Amino acid sequence: MKVFCALYRGLDDASGNNEKIALMREYFRSAPAHDAAWALYLLLDKKKSALSSGALRQRLIELTSMPEWLFEECRSHVGDTAETVALLLHMLPAAEADESLTSLSLHEWMEREIPSCPRDDAAAQREALGRFWRALDARDALVLNKVLTGAFRVGVSVGLVQRALAEALEVEGTRIQHALTGEWAPSAGLFDALRDARASLDVSKPYPFMLAHPLEADFAFEPGQWQVEYKWDGIRGQVVKRDGQVFLWSRGEELVSEAFPDLCEPLAKLPDGTVIDGEILAWDEEGKRPAPFAVLQTRLQRKKLTAAHLREAPAHVIAYDLIEWGGVDWRERPLTERVAQLEAIVREQALSALTVSERFEPKDREALEALRESARERGAEGVMLKDRASTYQPGRKRGLWWKHKREPMTVDAVLVFAQAGSGRRANLFTDYTFALWRGGELVTFAKAYSGLSDEELVELDKWIRKNTREKHGPVRVVEPAHVFELAFEGIAKSARHKSGLAVRFPRILRWRRDKPASEADTVERAEALLNL
Amino acid sequence: MSPLVAVEPEGLRCERGGFYIDPAGSVDVAVITHAHADHARIGSKRYVCSARSLEVLRARLGPDAVIEPREYEERFALGETTVSLHPAGHVLGSAQVRIEHDRAGVCVVSGDYKRDPDPTCDGFATVECDTFVTEATFALPVYRWRDPEAIVSELFDWWRSERAHPTLVFCYAFGKAQRILAHLASRTDEPVYIHGAMDKLTDAYRRSGVRLANTKTIPESSSPKDFAGSLVLCPPSAHRSPWMKRFKAPQTAFVSGWMAVRGQKTRRGYERGFVLSDHADWPSLVRTVEETKARTVLVTHGSSDALARYLREARSIDARPLGHLYEGDEGEG
C-alpha cells in the first residue's frame, strides 16, 4: 500500500506525460503482480465506491466530535471531501494504532480490509474507518479515502495508463486496449494473461470506441471524401453478440444490457461473432424520432423497468458501424466496406429494434450546414463526418472523423448565487447559479461552472466576496448585477426546477459586461426555446 | 470602556495611545509588528519597531524614515498608554504589541506569529492580557504543520536528487527565504543562488547576526549549464516570468503553508509543494488564545469567522472577527 501511495504522489507531482508514464511503467514492472493488477484497476477508475463521500464525512465528524459547520468550512476551502477528511485526521482522539494494517499490501487492503467496511452500517463503518485512519499518516490516508469513495482521479488518462502498461509488459498497445475494455478482475494472473498474446478474451468484451474531434475552423469540405450522418443524442454503445448472448455496452464501458430488455431480446437474432457500434435511444411513442435524453435517463436510473416504461419509451439502436463480423475483427477494413456489410446484416435479419444510420450526400459546404441545422428538428445533436476510407481506430484520431454540432441555444442570465469550487478551484467562488426574470422577480434557472478564463474567475471571485448579501452555509447570495450569456444543448420542462425548465450541458459563453441585470432574459423567452 | 484598538480606514488604531499598528496609510506614529510589505508601508512620520527588526525595516523603508527601535519587553509610553513589544516568532524582529491603559486594561495585538521553532528569529512569547487580537491566516483545522526540520530535509533531498537541471524553490523574499537558508546552513557548504529581490534582506539578516547558508547572486549573463544541479531561491512573482527563461527544464516547488491543500498547488502550477509556514497552524492558534487567558479575542486576517465561531462555541471564549482588513487577500503564507 505504501508503494502505491508513493506512486499516487509521484503522479500528482509529475509535470509531464513522459514522467507519468515512466513512474507507472516502473511500478508495473516492480510491484508484485497481484498489487499491480489492483493498481491498474484503480488508475483506470474501474473501482466502484465502497462508501459515499457523505458517509466518510459523517464518520469523521462522529469520531472527532468536531462541529459540522467547521467541517463544511474546511470542505469548501479544500474543495474535496476525501482530502478534507485526510487533513482532519489529527483531530481523532488518541488511540492505539493497529500495527497489523501498516504493512499490508495493496491487494490485501482491496480484498480484505476495504470490503470489511460495510456500506450501510454506521457503527461498523466507524469502527473500520477509525482503525484504517489511525494506521496511516495523512498523506497515505488521502489515497485510501480516494479509493474508498471511488473518485480516484490523479490526472492520468486511460491512454497513458495503457501505454505505460504496454511498455512494462512489452506487449502491443492495441492488445492491451482491447483486453482492458469492458469488465475484468484485478487478479494475480491478470498480467500473465495480458502477456500471453494467444489467450482468448472474455466473450462479452467490447472494443475501444472510436471518437471524433469537433470540426476545425479551417476545414475544407470535399463531398466525395466524407460519409455524412446525424449525430444522435443518446447513449453511444456497442451491441456484442457472442456465444448466444447479447451484451450492451455504453461508451463509459458499463454493461447496460439489463436496462434494455427490449433491445436484448430482438437483437439475439444477430449471428454469433457480431459487434455493432451505434446509439441507444429512447424512441417516442409514435416511433418516429428520439425522445429527449431525459427520458432515456429515467430508464437507466430505474432498478426495475415496468411495462409502462417499455411502452412509453421503447429503446432503439441507430447503428453506425460494424466492428466484428463472423468472429473476425473488422476494424482494419475501410468504413464503406464495414457499413455495406452492416446494411446487409440488418436487411437479412429484418431487425426492428435496430436501423442503420441514414447517410447523406451534401453537395457542398452550404448543404452540409443546412443539414447540420436540420438536426434540431430531427432531435439530433448535429452531424458527423467520417472519412469513407477510415479504419476503426481507438480514441480520437484527428482528421478521420469529425463531429459538427448544431449551434447551442443561449440566454442571458443574472448571477445570483456562488459557491466555492472543487479541486484547483477550491476556495474560489466558481460554481455559479444564474437566474432569469419573471415579472419583477429573478427565478433561478441553471447552474454553470465552466466557460470563464482563469483571470475572469479570479476577478469574479473578488467581486463576489465584496458583494455578498447573505451567506447560507457555503452558498453566497450576491448582488444581482452581472449578466452572462449561457449556452446549452437542450431544454425540457421540469417540475423539479423553480423556473419549470431544465437545460442540458449549461456553460458560460461569455461575460456580458455591456448588459445591466435589468436587461437579462425572461423565463418566457427561455420557454419559447422549448418549441424549437 | 471602549476597546483599546479599532479598525479604521488607515488600519488598526489605538486612539488612547495616539498610534496605529501596521497602518495602510500615512499616520503620525506607526508601530510596526514586522517588516513585510503589507505591514510596513512608507509614508508615516515616525515608526516604532523592535530593535531586532531595525536592519530589515531600514532596508524596507529607506534611509530617511524616522525609526525608533525598542528592545523586546522594554516598556515605553505612547499617549495615555504604556507599550511594549514581545517576540512573535514570525520573521526576524517580528513583535506582538502589548498596550496597557490604567482603565481599559491590557490588550495584545499578535501581528503575524507562529509557534514552530525558527533559527532566524526569537521564539513566540506568551503575554497574558484582557483582550487578544490574533491573526487567522491559516485558521482552519486542515492546517496543521509537520516538524520544520523534516520538511527542510525533504526539500534538501529533493534538490539533491536532481543533478542535471536546476531546482527552483519559490518562497517569500523576506522571512521564508532566510529561514530556508538558515536550515540549509548545517546541511551544505554549496552556495545557493538567490534572486535579486532577496539580496538586501538577506544581507540585513546577516548583519543582524543570523547564520545563513552561503549565497550567490544570479549573474547578468549566464548559460543554462551554469545552473545544472543548483538550488535557486526566488519569489513567487518570478514564477512563469521572463526571468525564469534562463533556467533550462528546472524542477519547481513552492514553500508555503498553502501547499497543504492539493488544489492550491495545482492552481498555482508548481510541481511540488513544501508545507512550511511562518504563520500559526490551527492547533497553535487555539492553544495561543487559551494561553493568553484573554477574556475577549478579536480575530483578523484569513478565516477569522471560523476561528471566532469555534472559540465561542467550542471553547466558550468571547471572540469575534475584527472587521475585514484584507478580505479576499490570501496574504503571504
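Figures for the structure shown
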quantity	calculated
Residue A:33 out of contact with any strand residue (DSSP E or B) (no Cβ under 9 Å at 6 or more places or on another chain) and either over 30 Å from residue B:155 (Cβ atoms) or away from every other protein chain (no Cβ under 11 Å) (or both)	yes
Odd one out for residue B:247, checked against (1) under 25 Å from the mean Cα position of the chain (by Cα); (2) surrounded by 23 or more Cβ atoms within 10 Å (Cβ to Cβ); (3) touching a residue at least 40 places away in the same chain (Cβ under 8 Å); (4) assigned by TED's automatic domain parsing to the domain that holds residue B:188	(1)
Per-region count, the stretch B:139-177, residues assigned to a helix (DSSP H, G or I) and of a type in the set (Lys, Arg)	2
In the stretch A:165-189, the residues that are under 19 Å from residue A:48 (Cα atoms) and either in the same structural domain as residue A:257 (by TED's automatic domain parsing) or not charged (D, E, K, R) (or both)	A:180, A:181, A:182, A:184, A:185, A:186, A:187
Residue tally, condition among the small types (Gly, Ala, Ser) and within 14 Å of chain B (Cβ to nearest Cβ), over the stretch A:79-135	4
Residues being without any contact (Cβ under 8 Å) to a residue 60 or more places away in the chain and in a helix (DSSP H, G or I) - total across the stretch B:214-235	3
Test: residue in the stretch B:200-220 that is touching a Phe, Trp or Tyr at 6+ places or on another chain (Cβ under 8 Å), of a type in the set (S, T, N, Q) and exposed (fewer than 15 other Cβ atoms within 10 Å of the Cβ)	yes
Selection within the stretch A:487-507 - within 15 Å of residue A:416 (Cβ to Cβ) and either touching a helix residue (DSSP H, G or I) at 6+ places or on another chain (Cβ under 9 Å) or in the same structural domain as residue A:234 (by TED's automatic domain parsing) (or both)	A:499
Criterion violated by residue B:266 - all others in (1) at the interface with chain A (Cβ under 9 Å from one of its Cβ atoms); (2) surrounded by 22 or more Cβ atoms within 10 Å (Cβ to Cβ) satisfied	(2)
Selection within the stretch A:6-31 - in contact with a Lys or Arg (Cβ under 9 Å, 6 or more places away or on another chain) and among the aromatic types (Phe, Trp, Tyr)	A:8
Enumerated strands (runs of 3 or more DSSP E) restricted to the stretch A:386-456, each holding at least 2 residues that are buried (at least 19 other Cβ atoms within 10 Å of the Cβ) and within 14 Å of chain B (Cβ to nearest Cβ)	A:409-420, A:429-438
Residue within the stretch B:305-318 that is more than 23 Å from residue A:473 (Cα to Cα), at pLDDT 95 or above and in contact with a strand residue (DSSP E or B) (Cβ under 9 Å, 6 or more places away or on another chain) present	no
Matching option when the condition is assigned to a loop (DSSP other than H, G, I, E, B) and either modelled with pLDDT under 90 or in contact with a Lys or Arg (Cβ under 9 Å, 6 or more places away or on another chain) (or both), among A:279, A:324, A:285	A:285
Residues of the stretch A:62-78 classified as facing chain B (nearest Cβ under 7 Å) and of a type outside the set (A, V, I, L, M, F, W, C), total	3
Residues being more than 11 Å from every other protein chain (Cβ to nearest Cβ) and within 30 Å of residue B:180 (Cα to Cα) - total across the stretch B:293-323	4
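The values are calculated or read from the model by the stated rules, or taken from the named source; none is laboratory data. Predicted model only: the values in this text are computed from it and were never measured. Counting neighbours? That spans all protein chains shown, and the Cβs are built from the backbone with ideal geometry, glycine included.
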